[in-house]
Amino acid sequence: MTEPLRTYPPEVAEGHRRYGAFAGVFTPTLLTILGVIMYLRQGWVVGNAGVIGGLLIILLAFGITASTGLALSSITTNIRIGAGGAYSIISQSLGLEVGGSVGIPLYLSQALVIALYIFGFREGWLWIFPDHSALLVDLAVFAVLFGIALVSAGLAFRIQYVILAVIAASLISVGVAAVQGSMVFDLTNVGLWGDFPGAPEDEFPGTSFWVVFAVFFPAATGIMAGANMSGELKNPRRAIPLGTMAAIGVSLVIYLLLAYWLARSASPEELQGNYTIMVERAAWGPAVVAGLLGATFSSGLASFVGAPRILQALAAHGILPRGGWMKRRSARGEPRNAILVTGGIVLAALMLRDLNVIAPLITLFFLITYAMINVVIFVEQSLGLISFRPSLRIPRIVPFLGGLGCIFAMFIMNPGFSLVAVGVVLGAYFYLAGRHLEAPFKDVRSGLFFSLAEWAAKKVATFPPGNQRAWKPNLLVPVEDPVALRGSFEILESVAYPKGSLVLVGLNESGTSDELSREILPLRDALQGRGLFASATVIDYHGLADGLTVAMQSLQSAFFRPNIVFLTLPRNAEQEKAYPELIREAERRGLGVLLYAPHPRAGLGRRETVNVWTRDRSPDWPLETDLGNLDLAILTAYLLRRNWGADLRVITVVSDPNEEDAAREYMTRLMDQARLGDCRTVVGTRSFREFLTEAPPADVNIFGLSPELSFEFAEEMVERTQSTCLFVRDSGQESALA
């Protein structure tokens, strides 16, 4: 179970009035669905699409929203949903970045749609009072909505009961008309499948099924009106599923019955050309007009109450920069500051006087939110995590079809704006991802990535071992003294960055494991802070060889299996005695070895040059797939060169001066086959030790390593080259030529 999303202090929450399923969810959701389209466009839909076509449009639209409603209900019964509705649900499942990227445009859409509802109310009002000023009507309605929202959500809920009664009266007026004989036509009147002539304002140019569907579909939206009030509910886990699904079911029945009544109460020409046909055919037309006004007013009120709560939740979790002021609540738990901001946005939108250009974008943001709700439930179902055990279980096909339907509806309605909407959401996501937000709750992203990694690990296990093309430096780093490890920090980063990994194995011979863990974990965190994948563990051991052998054995089957053992020059006789056995054990386990011998004064120098020393391969100088303990040395040199921007030299010393040309040709072919790019080749014709004093200096010199390595020799190389040295032994699993 995820942790609760807390958006205001618990002491405020305890005294704050909460609402049940009917007042808090069912009523606002139903009133939002029964809106302008039902009163002014449903007759046009039936007139264009015919009986079967009209019913199919209604069922398809409500099928998409019902699937989303079921997904919303299921996920709500699995989490402790907090304020913010859909934003809270998405954030608790997929993280603040995803939730915020959807929540920000959702809030703006919720705020801007208030202006559209006010415009819709004004059109109905001017139909009754054509001499009234449009601007004054808009401002008056805004003032009333803003005042109600500012006072309290409770006042808004009480007013919604009055509006519900008004809408019920309008529907009763339709029912009375049906009983009194308004249905004078049979179903063949408009035809089972319509001719789709189009709209009267365009002089009936002709249209299509999907265009009519796009006009009707917003009627089926609005299912988040109750979920947006999640922070005001007594029991969101029960209220949201019950109220949302009941509202969807009741509104679907109403739309189907109205479609049947309209098909039998008016001619096709009246349905197609008269948007107020429902007013004219009802038993009492003013009741329908009142219902139209009530529907737009209630939808605006629900959005005015819900939008600030989304804004307050966004601010409370740091989604909005400098959002401290907007996250505050009053002593009664009302998000007054967020309401003020929302009021400012709505007022500015009203002053624009025309939102038709962005109206499609508003609907598309709602659809993206619905699609994400379906994605959340589908992902959690697919992961099979034990934490996902909702009280309401639904088949996986439901959210799959719901999400697919939302995406389909988006691109059917407006492909261009759909791409813009997706681009806005993606832009918000990348912005929030760059801010590294800290959530006060856990999400399922770790489970998602774990499941993907588990699937990948199982796939990798079916392939033959030793994929040389996929080789990356995965270092096993034994740690006896965390302080000493700090001296190796830079070389570890230089070898492993950017795609390698490090496993820090604390070898605990004395003291407690907790002490060593406390010292290792900051080093692991520091490596992770540099963009490296690093993990740490501590094992108890009796002797270095035994402890590191146990570590190699235990990590043999790990997904991120180490392929290089990182060692530093032994500090005492016990370590010196253990190293040869460790090198042989690493070879038996298929691990390479990298022995780090830092120069006490020069360190890594200026990180400008790297020398790689190869052995004499005369007389044949073969260039085969197996380079003979040179692969890991070349790959290590390449990593240092890439990460430092350094120059690279390949050096060999031949005992016979006549082999100099063959040696140069060999190294040229080697660099070409290994794709090392612009590298210098150096061939020495004296003895190895004599040539060391003449060889070009470098910040790091890389030599081969054998199990019988003399540490006196390693120290001599450090002294003679006056540089840090790396002694490298292949595992047989890497290839510089792959």
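The values are calculated or read from the model by the stated rules, or taken from the named source; none is laboratory data. As the structure is a computational prediction, the values presented were derived from the model and not from experiment. All Cβ positions, even for glycine, are placed from backbone atoms using ideal geometry, and neighbour counts span all protein chains on display.
Would you pick out the residues in the stretch 637-650 that are closer than 24 Å to residue 732 by Cβ and in contact with a strand residue (DSSP E or B) (Cβ under 6 Å, 6 or more places away or on another chain)? Spell out the reasoning first.
If we filter the stretch 637-650 for residues that are closer than 24 Å to residue 732 by Cβ, which is where we start, we get 637-642, 648, 650.
Residues satisfying the conditions are 637, 640, 641, 648, 650.
Going by the structure shown, is residue 119 of a type in the set (Phe, Trp, Tyr), at pLDDT below 85 and assigned to a helix (DSSP H, G or I)? Before you say what the answer is, go through the steps one by one.
On the way: of a type in the set (Phe, Trp, Tyr): yes; at pLDDT below 85: no; assigned to a helix (DSSP H, G or I): yes.
Judged against the criteria, residue 119 is not a match.
Being under 24 Å from residue 604 (Cβ atoms) and aliphatic (A, V, I, L, M) is true for just one of 653, 683, 700. Which residue is that? Break it down into steps so the answer makes sense when it comes.
Working: 653 fails: under 24 Å from residue 604 (Cβ atoms); 683 fails: under 24 Å from residue 604 (Cβ atoms).
Going through 653, 683, 700 in turn, just one is under 24 Å from residue 604 (Cβ atoms) and aliphatic (A, V, I, L, M): 700.
Among the listed residues 145, 150, 136, which satisfies the condition of being without any contact (Cβ under 8 Å) to a residue 12 or more places away in the chain, part of a helix (DSSP H, G or I) and of a type outside the set (D, E, K, R)? Reasoning before the result, please.
Details: 145 fails: without any contact (Cβ under 8 Å) to a residue 12 or more places away in the chain; 150 fails: without any contact (Cβ under 8 Å) to a residue 12 or more places away in the chain.
Testing whether each residue is without any contact (Cβ under 8 Å) to a residue 12 or more places away in the chain, part of a helix (DSSP H, G or I) and of a type outside the set (D, E, K, R) leaves just 136.
Of the residues 163, 128, which is surrounded by 21 or more Cβ atoms within 10 Å (Cβ to Cβ) and not basic (Lys, Arg)?
Working: 128 fails: surrounded by 21 or more Cβ atoms within 10 Å (Cβ to Cβ).
From the options 163, 128, the qualifying one is 163.
List pairs: first residue in the stretch 208-228 and assigned by TED's automatic domain parsing to the domain that holds residue 370, second residue basic (Lys, Arg) anywhere in the structure, Cβ distance under 9 angstrom, at least six positions apart or on different chains.
Here the result reads 215/41; 216/41; 219/41; 228/309, each pair linking the stretch 208-228 to a residue that is basic (Lys, Arg).
Can you confirm whether residue 249 is assigned by TED's automatic domain parsing to the domain that holds residue 41 and touching a Gly at 6+ places or on another chain (Cβ under 8 Å)?
No; evaluated as a whole, the condition is false for this residue.
Select from the stretch 22-46 the residues that are outside any helix (DSSP H, G or I) and under 17 Å from residue 253 (Cβ atoms) and list them in ascending order. Lay out the reasoning, then the answer.
Filtering the stretch 22-46 down to residues outside any helix (DSSP H, G or I) leaves 34-35, 41.
The answer is 34, 35.
Check 532, 555 and return the single one that is surrounded by 13 or more Cβ atoms within 10 Å (Cβ to Cβ), modelled with pLDDT under 75 and within 22 Å of residue 470 (Cα to Cα). Before the answer, list the steps.
Numbers: 532 fails: modelled with pLDDT under 75.
None of the other options fit; the residue is 555.
Could you please let me know if residue 485 is at pLDDT 85 or above, surrounded by 19 or more Cβ atoms within 10 Å (Cβ to Cβ) and not assigned by TED's automatic domain parsing to the domain that holds residue 701?
Working: at pLDDT 85 or above: no; surrounded by 19 or more Cβ atoms within 10 Å (Cβ to Cβ): yes; not assigned by TED's automatic domain parsing to the domain that holds residue 701: yes.
Here the answer is no, as residue 485 does not meet what is asked.
Every residue, every condition in (1) closer than 13 Å to residue 730 by Cα; (2) assigned by TED's automatic domain parsing to the domain that holds residue 696; (3) at pLDDT 85 or above, yes or no:
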{"residue": "602", "(1), (2), (3)": "no, yes, yes"}
{"residue": "609", "(1), (2), (3)": "no, yes, yes"}
{"residue": "612", "(1), (2), (3)": "no, yes, yes"}
{"residue": "615", "(1), (2), (3)": "no, yes, yes"}
{"residue": "623", "(1), (2), (3)": "no, yes, no"}
{"residue": "627", "(1), (2), (3)": "yes, yes, no"}
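Looking at the stretch 51-78 only, could you name the residues that are touching a Gly at 6+ places or on another chain (Cβ under 7 Å) and either surrounded by 24 or more Cβ atoms within 10 Å (Cβ to Cβ) or outside any helix (DSSP H, G or I) (or both)?
Once the filter is applied, which keeps residues that are touching a Gly at 6+ places or on another chain (Cβ under 7 Å) and either surrounded by 24 or more Cβ atoms within 10 Å (Cβ to Cβ) or outside any helix (DSSP H, G or I) (or both), the stretch 51-78 yields 64, 67, 68, 71.
Quick check: is even one residue across the stretch 647-669 at positive phi, more than 46 Å from the chain's Cα centre (by Cα) and in the same structural domain as residue 630 (by TED's automatic domain parsing)?
Initially, the stretch 647-669 is screened for residues at positive phi, giving none.
Taking every residue of the stretch 647-669 in turn, none turns out to be at positive phi, more than 46 Å from the chain's Cα centre (by Cα) and in the same structural domain as residue 630 (by TED's automatic domain parsing).
I'd like the full set of residues that are assigned to a helix (DSSP H, G or I) and either modelled with pLDDT of 90 or more or over 18 Å from the mean Cα position of the chain (by Cα) (or both), limited to the stretch 378-398.
Taking the stretch 378-398 first, the residues assigned to a helix (DSSP H, G or I) are 378-383, 397-398.
397, 398, listed by residue number.
Restricting attention to the stretch 242-263, does a residue exist that is farther than 26 Å from residue 63 by Cα and among the hydroxyl-bearing types (Ser, Thr, Tyr)?
Quick first cut of the stretch 242-263, residues farther than 26 Å from residue 63 by Cα only: none.
No.
Please tell me if residue 270 is in the same structural domain as residue 365 (by TED's automatic domain parsing), on the phi < 0 side of the Ramachandran plot, touching a Gly at 6+ places or on another chain (Cβ under 8 Å) and part of a helix (DSSP H, G or I).
Working: in the same structural domain as residue 365 (by TED's automatic domain parsing): yes; on the phi < 0 side of the Ramachandran plot: yes; touching a Gly at 6+ places or on another chain (Cβ under 8 Å): yes; part of a helix (DSSP H, G or I): yes.
So residue 270 fits the description; yes.
Could you please find all residues in the stretch 609-634 being out of contact with any strand residue (DSSP E or B) (no Cβ under 9 Å at 6 or more places or on another chain) and either not in a loop (DSSP other than H, G, I, E, B) or not β-branched (Val, Ile, Thr) (or both)? Walk me through it before giving the result.
Residues of the stretch 609-634 out of contact with any strand residue (DSSP E or B) (no Cβ under 9 Å at 6 or more places or on another chain): 618-626.
Passing the criteria: 618, 619, 620, 621, 622, 623, 624, 626.
Does residue 422 satisfy the criteria of being at pLDDT 75 or above and surrounded by 13 or more Cβ atoms within 10 Å (Cβ to Cβ)?
Numbers: at pLDDT 75 or above: yes; surrounded by 13 or more Cβ atoms within 10 Å (Cβ to Cβ): yes.
Here the answer is yes, as residue 422 does meet what is asked.
Could you figure out which of (1) of a type outside the set (Asp, Glu); (2) at pLDDT below 90; (3) not in a loop (DSSP other than H, G, I, E, B) isn't true of residue 191?
With (1) of a type outside the set (Asp, Glu); (2) at pLDDT below 90; (3) not in a loop (DSSP other than H, G, I, E, B) applied to residue 191, the lone miss is (3).
Considering only the stretch 311-343, state which residues are of a type in the set (Val, Ile, Thr) and at pLDDT 85 or above.
Keep residues of the stretch 311-343 that are of a type in the set (Val, Ile, Thr), which gives 319, 339, 341-342.
Answer for the stretch 311-343, where residues must be of a type in the set (Val, Ile, Thr) and at pLDDT 85 or above: 339, 341, 342.
Taking the options 178, 156, name whichever one is touching a residue at least 24 places away in the same chain (Cβ under 8 Å), in a helix (DSSP H, G or I), among the hydrophobic types (A, V, I, L, M, F, W, C) and in contact with a Leu (Cβ under 7 Å, 6 or more places away or on another chain). Please lay out each step first, then the result.
Details: 178 fails: in contact with a Leu (Cβ under 7 Å, 6 or more places away or on another chain).
That would be 156, the only listed residue that is touching a residue at least 24 places away in the same chain (Cβ under 8 Å), in a helix (DSSP H, G or I), among the hydrophobic types (A, V, I, L, M, F, W, C) and in contact with a Leu (Cβ under 7 Å, 6 or more places away or on another chain).
Please go through the stretch 166-213 and give me each residue that is more than 47 Å from the chain's Cα centre (by Cα), more than 24 Å from residue 295 (Cβ to Cβ), among the β-branched types (Val, Ile, Thr) and buried (at least 16 other Cβ atoms within 10 Å of the Cβ), ordered by number.
190
Given 644, 621, which one is in contact (Cβ under 8 Å) with a residue 12 or more places away in the chain, surrounded by fewer than 20 Cβ atoms within 10 Å (Cβ to Cβ) and in contact with a Phe, Trp or Tyr (Cβ under 7 Å, 6 or more places away or on another chain)? Please lay out each step first, then the result.
Numbers: 644 fails: in contact with a Phe, Trp or Tyr (Cβ under 7 Å, 6 or more places away or on another chain).
Result: 621 is the single residue among 644, 621 that is in contact (Cβ under 8 Å) with a residue 12 or more places away in the chain, surrounded by fewer than 20 Cβ atoms within 10 Å (Cβ to Cβ) and in contact with a Phe, Trp or Tyr (Cβ under 7 Å, 6 or more places away or on another chain).
Just name the residue that is surrounded by the fewest Cβ atoms within 10 Å (Cβ to Cβ) out of those in the stretch 451-482 that are at pLDDT 80 or above and of a type in the set (Val, Ile, Thr).
479
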